[in-house]
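The values are calculated or read from the model by the stated rules, or taken from the named source; none is laboratory data. In this text the structure is predicted, and so the values were computed from the model without any measurement. Cβ atoms come from the backbone with ideal geometry, glycine included; neighbour counts cover every protein chain shown. Surface areas here come from the heavy atoms of the whole protein model, side chains and all, with no ligands, DNA or RNA. Shrake-Rupley method; radii C 1.70, N 1.55, O 1.52, S 1.80 Å.
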Amino acid sequence: KAGVTQTPRYLIKTRGQQVTLSCSPISGHRSVSWYQQTPGQGLQFLFEYFSETQRNKGNFPGRFSGRQFSNSRSEMNVSTLELGDSALYLCASSEGLAGVRDTQYFGPGTRLTVL
Amino acid sequence: QKEVEQDPGPLSVPEGAIVSLNCTYSNSAFQYFMWYRQYSRKGPELLMYTYSSGNKEDGRFTAQVDKSSKYISLFIRDSQPSDSATYLCAMTARGFGNEKLTFGTGTRLTIIP
């Protein structure tokens, strides 16, 4: 089976812009979770989508949003970018039966740099 | 104070040594504990998953959970250069409504041949 894929792998934006990141889960997986990874804060949970609905949410501002399509593919959007949004954004997919307690399979991430 | 504390290292040990990686946590509701390994420029991959106190063994890896002390450990026996990576602990509680995985900041491990 193909693994989790994320596009693009690298992205450079300027402050105030918005960005959309894409994630294709493993075939058959219905849950997609998003994480932000930075050297100072580590890996932080953003949100989880299951069957096109946001099921769990972390403690990030409303500038961070996401959605999931009927084929389980997911997109994450960050509006009004700030310098502190520079990070590796990781997507993980799982079967979805037990929420975030399911085994998560991570993609390689999208490296976002905000100038 | 963070909910999960993990020594960032870096930790360097000679090949063949036993490695001990640790995390402490403050939220007594945490019931499910995981260890992930992350190689450079890759996403994390699950190594061990446990939900009870005690030890769980898988090959050269042993996960240990002590809920009374809010302390978890990962032991690597006969360490190999291929074990060089960042190791992240993660945990979650079973809640009604909003669940999330909380990660430690990771320990960077280098195995010296």
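Is region B:84-101 home to any residue that is under 18 Å from B:Cys23 (Cα atoms), open to solvent by 20 Å² or more (accessible area, probe 1.4 Å) and modelled with pLDDT of 95 or more?
Initial filter on region B:84-101 (under 18 Å from B:Cys23 (Cα atoms)): B:85-93, B:100-101.
Next, from what is left, pick out any that are open to solvent by 20 Å² or more (accessible area, probe 1.4 Å): B:86, B:93, B:100.
Still in the running and modelled with pLDDT of 95 or more: B:86.
Yes.
Report the residue count in region B:72-112 for those that are in contact with a Pro (Cβ under 7 Å, 6 or more places away or on another chain) and at the interface with another protein chain (Cβ under 9 Å from one of its Cβ atoms). Don't jump to the end; show me each part of the working.
Residues of region B:72-112 in contact with a Pro (Cβ under 7 Å, 6 or more places away or on another chain): B:81, B:88, B:105-108, B:110-112.
This time we only want the ones that are at the interface with another protein chain (Cβ under 9 Å from one of its Cβ atoms), so: B:88, B:105-106.
Residues in region B:72-112 being in contact with a Pro (Cβ under 7 Å, 6 or more places away or on another chain) and at the interface with another protein chain (Cβ under 9 Å from one of its Cβ atoms): 3 in total.
Considering only residues that are of a type in the set (A, V, I, L, M) and within 15 Å of A:Ser72 (Cα to Cα), which ones fall in region A:1-60?
Just the residues of region A:1-60 that are of a type in the set (A, V, I, L, M), to begin with: A:2, A:4, A:11-12, A:19, A:21, A:26, A:32, A:43, A:46.
Listed by number, the residues that qualify are A:Ala2, A:Val4, A:Leu21, A:Ile26, A:Val32.
If you take the residues of region A:83-115 that are of a type in the set (A, V, I, L, M, F, W, C) and under 16 Å from A:Tyr49 (Cα atoms), which of them is surrounded by the most Cβ atoms within 10 Å (Cβ to Cβ)? Can you show your working first?
Our first condition is that a residue be of a type in the set (A, V, I, L, M, F, W, C); within region A:83-115, this holds for A:83, A:87-88, A:90-92, A:97-98, A:100, A:106, A:112, A:114-115.
Of the ones still in play, those that are also under 16 Å from A:Tyr49 (Cα atoms) are A:90-92, A:97-98, A:100, A:106.
Details: A:Leu90: 25, A:Cys91: 29, A:Ala92: 27, A:Leu97: 10, A:Ala98: 13, A:Val100: 24, A:Phe106: 22.
Only one residue tops the list, namely A:Cys91.
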Review point. Right, A:Thr80: open to solvent by 10 Å² or more (accessible area, probe 1.4 Å) and without any contact (Cβ under 8 Å) to a residue 24 or more places away in the chain or not?
Key: no
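From the list A:Phe64, A:Phe50, A:Phe45, pick out the single residue that is surrounded by 12 or more Cβ atoms within 10 Å (Cβ to Cβ) and facing chain B (nearest Cβ under 10 Å).
On the way: A:Phe64 fails: facing chain B (nearest Cβ under 10 Å); A:Phe50 fails: facing chain B (nearest Cβ under 10 Å).
Going through A:Phe64, A:Phe50, A:Phe45 in turn, just one is surrounded by 12 or more Cβ atoms within 10 Å (Cβ to Cβ) and facing chain B (nearest Cβ under 10 Å): A:Phe45.
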